[in-house]
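Everything below concerns the one structure shown next.
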Amino acid sequence: MKRLISKAILVLATGVLFSGFASAQEVSQERIVKGLGKLRAAAPAIDLEILRQEAINGGNQPMSALPNWKRIGKLPQMVVEIDFENDSVAIQPNSYRTLGLIADALHHPNLWDYKFLVVGHASATGDEKHNLDLSEQRAAAIKEALSTTFAVDPARLYAIGVGEHLPIEGTDVKGSNNRRVQLINLGVFKIKS
């Protein structure tokens, strides 16, 4: 029996979230370092649970319409693909090369001081609660793979899932491009008390 594969997009692009969202860029360590290292100002202090709740309660508004998401929306990002097994957190073997390139970039001296937020997203197919749980688990799977397989300090990575609640503007909420994982440079991270 042939296994179905879900594709997730790992967003690492500079600029406003998802503006001009297209296909994944060719990924390289150099592109990731340049893309994630373009932090122009101090990253805002954030509360991960507030971000999650704002997404869930936002009524499928775009990220740019939610106050806390808008604050981090201009932080460095870039687009690459990560494949998961269908309805699973199992990362497909072909995606470990991409994760390795991301890890190599995170080990680069230009990014050593930065911390990163991994945000899991889901398309609006299936049950809302299941999608939220799956997106959380996929973000955690990316964080775990980066920290265990590729020795990225887990203290530099934060993972949250927002399910189907922040679809890409102008796309079908059930579309596969909304099954994605985001990586956002948080700068020198400070947790809001």
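Things worth noting here:
- Across the protein chains, with a 1.4 Å probe defining accessible surface, the residues ARG180, ARG71 rank ARG71, ARG180 from largest area downward.
- A 1.4 Å probe run over the protein chains yields, for segment 40-193, 44 Å² of accessible area per residue, whole-number rounding.
- Sequence of LYS74, LYS174 from largest to smallest accessible area, 1.4 Å probe: LYS74, LYS174
- Dipole magnitude (debye, nearest 20) for segment 79-125, charges at Cβ of Lys, Arg, Asp, Glu: 140 debye
- For the set THR125, THR98, solvent exposure ranked by accessible area (probe 1.4 Å, protein chains only) runs largest to smallest as THR125, THR98.
- Each of the peptides 61-70, 154-163 was scored by the mean count of other Cβ atoms within 10 Å over its residues; in descending order, highest first, they stand as 154-163, 61-70.
The values are calculated or read from the model by the stated rules, or taken from the named source; none is laboratory data. Model, not experiment: these values are computed from the prediction. Glycine also receives a Cβ, built like all others from the backbone with ideal geometry; neighbour counts cover every protein chain displayed. These area figures cover heavy atoms from the full protein model, side chains too; ligands, DNA and RNA do not enter into them. Shrake-Rupley method; radii C 1.70, N 1.55, O 1.52, S 1.80 Å.
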